[in-house]
Amino acid sequence: SPVLLWLRRDLRLSDHPALSAACGEGCPVIPVFILDDLADSLKAAPKWRLGLGLQAYDAALKARGSRLILRRGQALDCLRDLVSETGATAVYWSRLYDPESVARDVGVKSALKEQGIRARSFGGHLMFEPWTVQTRTGGFYKVFTPMWKAVTSIDVDPPMPEPGSIPAPENWPASENLGDWELQMGMNRGAEVVRPHVRLGEAAALDRLGDFTEDGIAEYREKRDFPAEDGTSGLSENLSLGEISPHRCWHAGLRARQDGKAGAETFLKELVWREFAYHLMHHTPRILTENWKPDWDAFPWCTDPEDPKVLAWKQGRTGIEFVDAAMRELYVTGRMHNRGRMIVASYLTKHLMCHWKIGLDWFADTLIDWDPASNAMGWQWSAGSGPDATPYFRVFNPVTQLDRFDRGCGYVRRWIAEGQSDPSETALSYFDAIPRHWGLSASDAYPEPVVTPEDGRAAALNAYENRDFQR
Ligand code: FAD
């Protein structure tokens with residue numbers, strides 16, 4: 001009798017413990033994706049990117065004589081329907097860690113077990129299950145460096161090969177059509193603008209990892225902070241949908257380190273930042289929705305997402321070049337360099353004194369590598385309200401940052417057309433991407449700063465030091 005393989009954020013064939021276990025049963029495997037309320041609640045760009053990922057995954061399965069069955073509805077109902085239609089006696093899946101997925105999966109598992117179905121969840125999305133890593137006193141890590149030190153002594157499983165074959169059932173159950181789900185609907189910026197920036201699917205991700213660990217990684221430590229450079233792996237969108245496993249990235253990093261490639265250690269650390277974000281989300285799920293440090297509840301944030309300051313920030317029209325370049329990169333490519341993410345987050349939460357949730361939501365709407373844990377950790381870190389956060393009084397100055405990290409202005413020129421006699425295609429592509437009702441044109445004058453770095457810093461520090469805000 002078949003095994004249902006319930007896919008969620010694990011759209012790969014190799015190093016996939018749930019798939020390998022299902023194939024190891026020696027019976028047919030039916031890969032299924034369910035558009036339930038949780039998947040449907042994804043915002044525009046990640047939802048669109050999921051649609052692309054599902055299409056690529058189905059194609060990869062078809063090349064191996066299998067296919068992806070699509071259903072829409074409550075996960076448990078869909079799985080029960082499939083069980084009765086196919087006679088399946090087992091449902092396997094890879095674990096997720098956000099509280100809503102956990103609640104759903106716990107419910108699905110116990111309901112299926114009551115029905116006599118073997119429901120099994122597997123690892124694969126993380127290298128270190130969050131409950132297995134503990135401080136010496138038995139708590140969880142709230143600071144990165146001790147966690148990094150702790151996990152470096154743990155052996156990470158080497159990546160598993162792709163199963164030799166994925167046994168197909170004699171008859172496939174019915175599937176919905178991906179096109180009918182209209183996962184692109186929320187993308188009011190042209191999806192065709194973002195599409196060339198997508199690295200889609202497992203094969204492309206594996207190629208990129210190979211190229212990066214062969215060449216780029218050696219200079220990763222030096223180049224990773226400079227947004228004009230192609231200095232990072234760019235694998236976050238693939239890790240986010242599970243098109244590549246962190247284990248595979250880790251082992252590639254380890255090999256590069258053994259080969260004496262200087263940046264490898266830094267790359268390994270970044271992979272552990274991702275684990276740290278999940279560790280924090282598992283132990284304190286409120287990191288997704290509330291100030292991690294509750295004393296920040298009293299901070300006088302602006303919470304109006306329609307505030308003109310916020311609009312200028314979203315549109316890349318703050319008049320602060322580094323901020324605007326990064327916000328436009330986000331809008332056109334669905335990605336933003338990490339240095340940019342830190343700067344725009346600092347500018348929104350400190351200089352503009354707007355709540356980090358406004359930024360978190362905008363990133364969730366526009367990033368193709370959106371990840372619940374890394375996004376929440378990044379925002380709370382930048383705002384000062386999170387664990388291991390940058391202290392509030394350390395306000396990034398976006399002008400001096402530009403001087404340090406974009407000295408030749410390559411990044412700013414790449415993204416800001418206004419004021420340039422011969423702007424690059426990339427800078428102009430922003431104006432193709434934005435909705436017409438924003439009423440912006442490349443021939444507009446570049447705006448004056450909404451808030452200057454000096455005024456913003458002074459106002460933020462003043463609010464921070466105000467006696468009403470008790471830290
Ligand atoms: P590389 O430099 O090549 O790093 C390799 C991998 O390590 C990344 O793919 C990523 O999985 C992980 N990693 C690197 N830096 C971090 C970090 N600071 N935190 C967690 N993991 C990290 N990352 C996301 O994947 N999704 C998000 O939604 C997201 N939102 C962010 C929001 C803010 C405000 C900030 C400051 C950071 C956010 N990050 C997020 C983290 C980081 O910016 C991206 O992971 C990184 O820019 C991705 O580029 P890359 O794949 O080239 O990374």
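The values are calculated or read from the model by the stated rules, or taken from the named source; none is laboratory data. Model, not experiment: these values are computed from the prediction. Methodologically, a virtual Cβ is constructed for each residue, glycine included, from the backbone with ideal geometry; neighbour enumeration extends over all protein chains shown.
Summary of computed values
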| item | result |
| --- | --- |
| Failed condition for Arg67, given (1) at pLDDT below 95; (2) of a type in the set (D, E, K, R); (3) touching a Phe, Trp or Tyr at 6+ places or on another chain (Cβ under 7 Å) | (1) |
| Among the residues listed as Ala277, Ala312, the single one being of a type in the set (A, V, I, L, M) and away from the ligand (no atom under 11 Å from the Cβ) | Ala312 |
| Matching residues, the stretch 336-389, being near the ligand (Cβ under 8 Å from one of its atoms), touching an Asp or Glu at 6+ places or on another chain (Cβ under 8 Å) and not in a helix (DSSP H, G or I) | Met336, His337, Asp369 |
| Qualifying residue in the stretch 206-223 (condition: in a loop (DSSP other than H, G, I, E, B) and in contact with a strand residue (DSSP E or B) (Cβ under 6 Å, 6 or more places away or on another chain)) | no |
| Filtered residues of the stretch 175-184 (kept if assigned to a loop (DSSP other than H, G, I, E, B) and in contact (Cβ under 8 Å) with a residue 24 or more places away in the chain) | Ser175, Glu176, Asn177, Leu183, Gln184 |
| Matching entry among Glu219, Glu214 (being more than 9 Å from the ligand (Cβ to nearest atom) and free of Cβ contacts under 8 Å to residues at least 24 places away in the same chain) | Glu214 |
| Residue that is touching a helix residue (DSSP H, G or I) at 6+ places or on another chain (Cβ under 9 Å), closer than 25 Å to Leu200 by Cα and of a type outside the set (Asp, Glu), where the choices are Met327, Met353 | Met327 |
| Out of Thr266, Thr232, sole residue that is buried (at least 18 other Cβ atoms within 10 Å of the Cβ) and either within 13 Å of the ligand (Cβ to nearest atom) or of a type in the set (Gly, Ala, Ser) (or both) | Thr232 |
| Of residues in the stretch 188-211 being away from the ligand (no atom under 13 Å from the Cβ) and of a type in the set (Lys, Arg), the one farthest from the chain's Cα centre (by Cα) | Arg189 |
| Residue in the stretch 307-314 that is buried (at least 24 other Cβ atoms within 10 Å of the Cβ) and touching a helix residue (DSSP H, G or I) at 6+ places or on another chain (Cβ under 6 Å) present | yes |
| In the stretch 105-158, the residues that are outside any loop (DSSP other than H, G, I, E, B), of a type in the set (S, T, N, Q) and within 30 Å of Pro387 (Cα to Cα) | Ser121, Thr145 |
| Boolean, Ser20 is of a type in the set (Ser, Thr, Tyr) and surrounded by fewer than 23 Cβ atoms within 10 Å (Cβ to Cβ) | yes |
| Lone qualifier among Val83, Val91, Val108 - being farther than 20 Å from Gly242 by Cβ, of a type in the set (A, V, I, L, M, F, W, C) and in contact (Cβ under 8 Å) with a residue 12 or more places away in the chain | Val83 |
| Selection count, the stretch 323-335, where residues are within 12 Å of the ligand (Cβ to nearest atom) and either among the acidic types (Asp, Glu) or over 13 Å from Pro227 (Cα atoms) (or both) | 3 |
| All positions within the stretch 41-76 that are of a type outside the set (A, V, I, L, M) and free of Cβ contacts under 8 Å to residues at least 12 places away in the same chain | Ser41, Lys62 |
| Residues (out of contact with any helix residue (DSSP H, G or I) (no Cβ under 7 Å at 6 or more places or on another chain) and either of a type in the set (A, V, I, L, M) or at pLDDT below 95 (or both)) located in the stretch 26-38 | Gly26 |
| Subset of the stretch 239-263 [within 21 Å of the chain's Cα centre (by Cα), more than 10 Å from the ligand (Cβ to nearest atom) and of a type in the set (S, T, N, Q)] | Ser245 |
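Residue-wise test of (1) in the same structural domain as Ala60 (by TED's automatic domain parsing); (2) more than 30 Å from Ala376 (Cα to Cα); (3) under 23 Å from the mean Cα position of the chain (by Cα).
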site: Thr89; (1), (2), (3): yes, yes, no
site: Ser94; (1), (2), (3): yes, no, yes
site: Pro99; (1), (2), (3): yes, no, yes
site: Asp105; (1), (2), (3): yes, no, yes
site: Ser110; (1), (2), (3): yes, no, no
site: Gln115; (1), (2), (3): yes, yes, no
site: Arg136; (1), (2), (3): no, no, no
